[in-house]
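Before any comments, here is the structure.
The values are calculated or read from the model by the stated rules, or taken from the named source; none is laboratory data. Source: prediction; values computed, not measured. Reconstructed Cβ throughout: ideal geometry from the backbone, glycine too, with neighbour counts over all protein chains shown. These accessible areas exclude ligands, DNA and RNA; they are computed on the full protein's heavy atoms, side chains included. Shrake-Rupley method; radii C 1.70, N 1.55, O 1.52, S 1.80 Å.
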Amino acid sequence: MEEARLASLYRISQQPVESEQAFLDHALHEALALTGSRYGYIYRYDEGKRVFTLNSWSRDVMADCAVASPKTCYELDRTGIWGEAVRQRRPILINDFEAEHPLKKGYPEGHVALRRYLTVPVLRGESIIAVVGVANRESDYTGRDALQLRLLMDGVWKSLDRARAERALRDSEARLAESQRVARIGHYDYDVAGDRWTSSPMLDEIFGIGAADPRDMDGWLRIVQPDDREAMRAYLVEQVVGARVPFDREYRVQRAADGQVRWVHGLGRIECDEGGRVVRMFGTIQDITERRRADEQRRQLEQQVLHAQKLESLGVLAGGIAHDFNNILMSVLGNAGLARLRVAPESPVAENLRQIELAAGRAADLARQMLAYSGKGTFTAEATDLNRLVEEMEQMLRVSISKKAVLRLRPARPLPAVDVDRTQIRQVLMNLVINASEAIGERSGVIAVSTGCLRCNREYLRELRVDEELPEGLYVTLEVADTGCGMDRGTVARIFDPFFTTKFTGRGLGMAAVLGIVRGHRGAIKVYSEPAKGTTFKVFLPASASQPELLAAPQGEDGWRGRGLALLVDDEESVRAVGTEMLRELGFEVMIARDGCEALERYRERPADLVLLDLTMPQMDGEQAFRELRALDPQARVVVSSGYNEMEIAGRFSGRGLAGFVQKPYTLETLRNALRVALG
C-alpha cells in the first residue's frame, strides 16, 4: 500500500502544473487507483465563508450521475455526512452507506448509489483548504486507507504550493526584468577569486557586449571610457577594496559593440572570507545617459534664467541712465555745440569745445552700450548684405588693430540678406575685432573675419549662447577668429557678463554689449577657445526672406531754419536751458514747461506750432501728455525726445500721429534734421 502511494506521488510529481484543474483531475484519478474506488471528488473549502466549491468529479460519477441540475457550491451547514470531515476535522469512514445513520440527510434523486464511503480533510497548518472523497470500493475502507489518502493529498497540495511559488517567482522575475528594461538597469555578480563576472541581458546591452567578449576585471575596465579608466582603477583599489566602501559611482562607458559613450551609475557591495579577503562583488548598473542629458539641459536653462535676471537688473539700471545721464550729456553737448557756433574757428577754445563734444559723445555711446546689453531696445532693421557691411568697414578695422596683426576677410558668396540695424552690427564687428587684436597683443598673429550661412536644427541651436528658444531655419554667420592667447573655460563662461573684463583698464561692457545686440536681433553666439590656441566668436543672425536693398541715408540741409512758436517740455532745468537756446538758434520762439500738466496749461493759453516733449517726467509723463495734447488739438505737431531709440518709441506711439522723434543726447544738427522732417 505504501509503495502504491509513493508510486502515485511520483506520477503526480511528473505531471506539469500548467493548469491546477487538470493537475487535480489527475490527482483524483491517482486517489481512486490508490484506494481501489470507483467514484471520487475534490471540493475546495473556504473556512471564512464556510462554503465548499467543486473542483473535480471522477469520470464514473459524471457518467452515472443522473441529477438534473447538480450543484457546485454547498454551504457547510447544509451538508450531511460528507461535511463531517470538516466539522469533525478528521477522516469520515462508512462501509454501510445504506444503513440508517444519524448524520445522513439523503441525496438528491438521480445521485449515484453509494455503498462504501471515505472522505478526508486536506489541511494547511490549522486551516482546512479542501476535502477529498472516494466511494464504492469492493471491500471495506480501513483507517490505513484514510491515512494513505490523506498523505497522498498532502503531497498533491505541496506540489501545488511549489508550483504556485515557482509561478510567482517567474512572474516576479519577469516583472523585475521588465522594470529593469524600462529603467535600463542591469545586474552583475563578480567572482573575485575566479576573476569572472556574470551579468543580466540588460547589462550586456548597456555595455554593448556579446558572448565572445571577456568577462573579467580587465574586460570591464576596457569598457570604461579611457578618460575615466585610471580614476576608476584607483577608486576600486583604494576605496572599494581598501576601505571597504560600497561601490557608488557615476562614470562613462564606451560600448564594445559600436563605441558609443554612455553614462552609467554603478551600485555594488563586496563579500569577504573569514580572512578578510574580498571574494565577491555584486550590484547593479543603470544607464543614466538620458538623465544626464536632461540635467545638462536643465542646468543650461537655469543659466539662461540667471542670465535673464542679470539682464533685467541691468535693464532697470540702463533705463535710469538713459534718462538721468543722457539729460546731463544733453546739457554738455548742447552748450558745447552752441559755444562752438559763437566763437571764431581760429579761437584757442574752439579745439577745447570740440574735445568736449567728442568726450560727451563717447559717454553717450557708453550709455547706448548698456541699453543694448539690457536687450530692451529694438533696432532700426534693414535688409543688409553682411559681406558689403564687412567690406565697407575693412579700412576702419585695419587701422584699429595691432600693427603686428594681419586682418583677413573671408566672405562666403552668395549670402542671404539679414534684417539688422547696421550701426549696431558694425559695433558688434568692431568690438570682436578689437577684442581679437588685444588677445594677440604684441606678438604676430592673424585675425580672420568670415561670413557664411548654416541651416540650424533644434539640437544645434541648444548648443549656442542664447537666452530663449530660437526657431529652426537658415542663419547667416559672422565669424571673428584670432591666433591669440585664448581663454580657459572659466573665462569663456564669464566673457559676456556685465562689467567682467580681463584687461586692467577695461570697463567690461564691450562683449556684454555684443551679446545684447545679438539678442535684440533674435540671434545667438558660439565661442570656441582654448588657452594658447586662439579664440573664435561666431555670431548667428536669422536670414531674411528679402534681398538686401542698401539705401543711402537722407542728408540734411545745413542751412534749414524753422519759424513759429515751440513748446519745450522737460523736467530737467539743464535740458530746458540748452534746448531753448538750440530752438532759438533754429529760428523758433520758445515757451517752456516742466512737466505734462504744465505743458497742457501753456498750450491752452497759447497753442504752439511745435511741441518738443520729453518722454519720462513726474506727475504726467510724455505718453499721457501726448494723448491729452492730441485730444486738445488733433493737429498738434509733437516731437518726442528720449534716451531710447526710435524703433522703441515708434512701437509705443504707432498710429497716434506722432510728428517725429529725436534721441537724447542730441546736438544742434541732430535736432535740426528731426524738426525739418517733422515740419515737412
(message) Condition first: β-branched (Val, Ile, Thr), over 49 Å from the mean Cα position of the chain (by Cα), at pLDDT 90 or above and assigned to a strand (DSSP E or B). Can you find one or more residues in segment 639-659 that meet it?
(response) no
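Table: residues versus (1) at pLDDT 90 or above; (2) assigned to a loop (DSSP other than H, G, I, E, B).
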| residue | (1), (2) |
| --- | --- |
| 490 | no, no |
| 493 | no, no |
| 503 | no, yes |
| 508 | no, yes |
| 536 | yes, no |
| 542 | yes, no |
| 552 | no, yes |
| 563 | no, yes |
| 590 | yes, no |
(request) May I ask you to say which residue of 261, 279 is in contact with a Cys (Cβ under 7 Å, 6 or more places away or on another chain) and farther than 18 Å from residue 248 by Cβ? (result) 279
(request) Would you mind stating whether residue 172 is within 27 Å of residue 118 (Cβ to Cβ) and modelled with pLDDT under 85? (result) no
(request) Scan segment 629-638 residue by residue and report those that are in a helix (DSSP H, G or I) and surrounded by 15 or more Cβ atoms within 10 Å (Cβ to Cβ). (result) 629, 630
(message) Show the residue pairs meeting these rules: Cβ distance below 7 Å; 6+ apart or different chains; first residue within segment 424-439 and open to solvent by less than 20 Å² (accessible area, probe 1.4 Å); second residue in a helix (DSSP H, G or I) and at pLDDT below 90.
(response) 428/514; 428/517; 428/518; 432/514; 433/397; 433/400
(request) Specify the residue that is surrounded by the fewest Cβ atoms within 10 Å (Cβ to Cβ); the eligible residues are those in segment 440-479 that are out of contact with any Lys or Arg (no Cβ under 8 Å at 6 or more places or on another chain) and in a strand (DSSP E or B). (result) 455
(request) Could you tell me which residue of segment 14-32 is modelled with the highest pLDDT, considering only residues that are surrounded by 14 or more Cβ atoms within 10 Å (Cβ to Cβ) and among the small types (Gly, Ala, Ser)? (result) 31
(request) Can you tell me which residue within segment 326-363, out of those that are open to solvent by less than 30 Å² (accessible area, probe 1.4 Å), of a type in the set (A, V, I, L, M, F, W, C) and within 52 Å of the chain's Cα centre (by Cα), is farthest from residue 582 (Cα to Cα)? (result) 363
(message) Can you say whether residue 584 is modelled with pLDDT of 90 or more, over 17 Å from residue 674 (Cα atoms) and assigned to a helix (DSSP H, G or I), as far as the supplied structure shows?
(response) no
(message) Residue under question is residue 248, and the condition is that it be open to solvent by 30 Å² or more (accessible area, probe 1.4 Å) and more than 34 Å from the chain's Cα centre (by Cα); does it hold?
(response) no
(request) Select from segment 293-342 the residues that are of a type in the set (A, V, I, L, M, F, W, C), at pLDDT 70 or above and more than 24 Å from residue 359 (Cβ to Cβ) and list them in ascending order. (result) 294, 301, 305, 306
(request) Pull up segment 127-153, narrow it to residues that are of a type in the set (Val, Ile, Thr) and in contact with a strand residue (DSSP E or B) (Cβ under 6 Å, 6 or more places away or on another chain), then point me to the one that is surrounded by the fewest Cβ atoms within 10 Å (Cβ to Cβ). (result) 129
(message) Of all residues being more than 17 Å from residue 678 (Cα to Cα) and not acidic (Asp, Glu) in segment 617-627, which is most open to solvent (accessible area, probe 1.4 Å)? Just the residue, please.
(response) 619
(request) Look through segment 34-65, keep the residues that are over 19 Å from residue 121 (Cβ atoms) and open to solvent by 70 Å² or more (accessible area, probe 1.4 Å), and return whichever of them is modelled with the highest pLDDT. (result) 38
(message) Is it the case, given these coordinates, that residue 132 is modelled with pLDDT of 85 or more, touching a Leu at 6+ places or on another chain (Cβ under 7 Å) and not basic (Lys, Arg)?
(response) yes
(request) Collect the residues in segment 593-616 that are farther than 20 Å from residue 675 by Cα and either touching a Lys or Arg at 6+ places or on another chain (Cβ under 8 Å) or among the small types (Gly, Ala, Ser) (or both), keeping them in residue-number order. (result) 594, 596
(request) Could you check how many residues of segment 136-164 are among the acidic types (Asp, Glu) and either outside any helix (DSSP H, G or I) or in contact with an Asp or Glu (Cβ under 9 Å, 6 or more places away or on another chain) (or both)? (result) 2
(request) Kindly establish whether residue 569 is modelled with pLDDT of 90 or more, within 23 Å of residue 626 (Cβ to Cβ), surrounded by 17 or more Cβ atoms within 10 Å (Cβ to Cβ) and in contact with a helix residue (DSSP H, G or I) (Cβ under 7 Å, 6 or more places away or on another chain). (result) yes
(request) May I ask you to verify whether residue 263 is touching a strand residue (DSSP E or B) at 6+ places or on another chain (Cβ under 9 Å) and closer than 15 Å to residue 199 by Cα? (result) no
(request) Name, by its number, the condition in (1) within 30 Å of residue 122 (Cβ to Cβ); (2) over 34 Å from the mean Cα position of the chain (by Cα) that does not hold for residue 173. (result) (2)
(request) Output the number of residues of segment 77-92 satisfying the condition of being surrounded by fewer than 17 Cβ atoms within 10 Å (Cβ to Cβ) and outside any loop (DSSP other than H, G, I, E, B). (result) 3
(request) Go through segment 595-609 and count every residue that is within 15 Å of residue 623 (Cα to Cα) and open to solvent by 30 Å² or more (accessible area, probe 1.4 Å). (result) 1
(request) Being touching a residue at least 24 places away in the same chain (Cβ under 8 Å), open to solvent by 70 Å² or more (accessible area, probe 1.4 Å) and more than 36 Å from the chain's Cα centre (by Cα) is the filter here, so list the residues in segment 206-245 that pass it. (result) 244
